[in-house]
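Novice: Sharing a structure, written as structure tokens. Questions coming.
The values are calculated or read from the model by the stated rules, or taken from the named source; none is laboratory data. Keep in mind that this is a model prediction, so the values were computed, not measured. Positions of Cβ are backbone-derived with ideal geometry, glycine not excepted, and every protein chain shown enters the neighbour counts. For accessibility, only protein heavy atoms count, side chains too; no ligands or nucleic acids. Shrake-Rupley method; radii C 1.70, N 1.55, O 1.52, S 1.80 Å.
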Amino acid sequence: MTTVAQLRQAALALPETAEGTHFGMVSFTVRDKGFASVTRDGVVQLHLAPDDVDAAVAAVAGAEPLMRGTTLLGARLPLAALDGQQLNHWVRRAWFARAPRRLTAALAAADVAEPGEVGDLPAAIGRPATRALAGAGVTTLAEVAARTDAELLALHGVGPRAVRILREHHP
């Protein structure tokens, strides 16, 4: 079972995501386009492509299509039926469905980034940290320096060792 806090962490880890409210629900947007919200009764509403809706409904117990009249918008997934990995996957798919192409292309490139090939980030931080930082739009040591250790550690894939290495490499 996942929580709203985990939903928040998954959504806010994606580039240019903002948290707000929509009809009294916690919601997440990318460039003012909503991609995820959670109802008071613990149902995550995600804007998804039709193929992803079919896959989500088939994979998650209690999931159902999200409709506005006769228009398919996405899927409704009960938080209680999701594990953390599933939640991350579907939130990410919703973000990809709503984000501008420039952002989706940048995040897709970050997904295959290799250590030592992103800006001036040191190779020693490893693949997960490199990809997490690139996915968050952090590609230089100067951009790392502008973030707190807590902000860096909040990125999935960046651990204490990577933060230590990054701090040692920045003048």
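Novice: What are the GluC sites (Glu not before Pro) within the range 76-171 that DSSP puts in a loop, where the Cβ has at most 12 other Cβ atoms within 10 Å?
Specialist: For GluC sites (Glu not before Pro) across the range 76-171 that sit outside H, G, I, E and B with at most 12 neighbouring Cβ atoms in 10 Å, the list reads Glu117.
Novice: Evaluate E = 1/(1 + (r/R0)^6) for Glu168 and Glu114, where r is the Cβ-Cβ distance and R0 equals 22 Å; express this FRET efficiency to the nearest 0.05.
Specialist: The computed FRET efficiency comes out at 0.60.
Novice: Could you calculate the contour length gain from Arg31 to Ala59, that is, 0.36 nm times the residue separation minus the distance between their Cα atoms, to one decimal place in nm?
Specialist: Values: separation 28, 0.36 × 28 = 10.08 nm, distance 2.88 nm.
Here the answer is 7.2 nm.
Novice: Would you please name the trypsin sites (Lys or Arg not before Pro) within the range 3-103 that are DSSP coil residues with at most 15 other C-beta atoms within 10 Å of their C-beta?
Specialist: Passing both the DSSP loop test and the Cβ count: Arg31, Arg40.
Novice: Helix-derived [θ] at 222 nm for the chain: sum -39500 (n - 2.57) over DSSP H runs of at least 4, divide by residue count, nearest 500?
Specialist: -12000 deg cm²/dmol
Novice: With a probe of 1.4 Å, find how much accessible area the chain has per residue, and write the answer as a whole number in Å².
Specialist: Result: 53 Å² of accessible area for each residue.
Novice: What residues have an amide H closer than 5 Å to that of Ser27, excluding those fewer than 5 places away on the same chain, when H is modeled at 1.01 Å from N in the peptide plane?
Specialist: Gly20, Thr21, His22
Novice: May I ask you to work out the translational diffusion coefficient for the chain at 25 °C, viscosity 0.890 mPa s, via Stokes-Einstein with Rh from the Kirkwood sum over Cα pairs, reported in whole µm²/s?
Specialist: Details: Rh = 16.8 Å.
Estimated via Stokes-Einstein, D reaches 146 µm²/s.
Novice: Report, to the nearest whole %, how much of the accessible area of the chain belongs to carbon and sulfur atoms, 1.4 Å probe, protein only.
Specialist: The nonpolar share, carbon plus sulfur, comes to 54 percent.
Novice: Quickly work out the Ala49-to-Val4 label distance, labels modelled 7 Å from Cα along the C-beta direction, and quote it in nm with one decimal.
Specialist: Rounded to a tenth, the inter-label distance reads 3.1 nm.
Novice: If you fit an axis through the alpha-carbon atoms of helix 50-59 and take the longest principal axis of the Cα set of the chain, what angle between them do you get, 0 to 90°, nearest 10?
Specialist: 80 degrees
Novice: Roughly what % of Cα-Cα distances in the range 1-44 sit above 16 Å, to the whole percent?
Specialist: Looking at the range 1-44, the distances longer than 16 Å represent 28 percent of pairs.
Novice: Could you pull out the chymotrypsin sites (Phe, Trp or Tyr not before Pro) across the range 1-103 that fall in loop regions by DSSP (anything but H, G, I, E, B) with no more than 15 other Cβ atoms inside 10 Å?
Specialist: On the way: sites: Phe23, Phe28, Phe35, Trp90, Trp95, Phe96; in loops: Phe23.
Counting only loop positions with at most 15 other Cβ atoms within 10 Å, the chymotrypsin sites (Phe, Trp or Tyr not before Pro) in the range 1-103 are Phe23.
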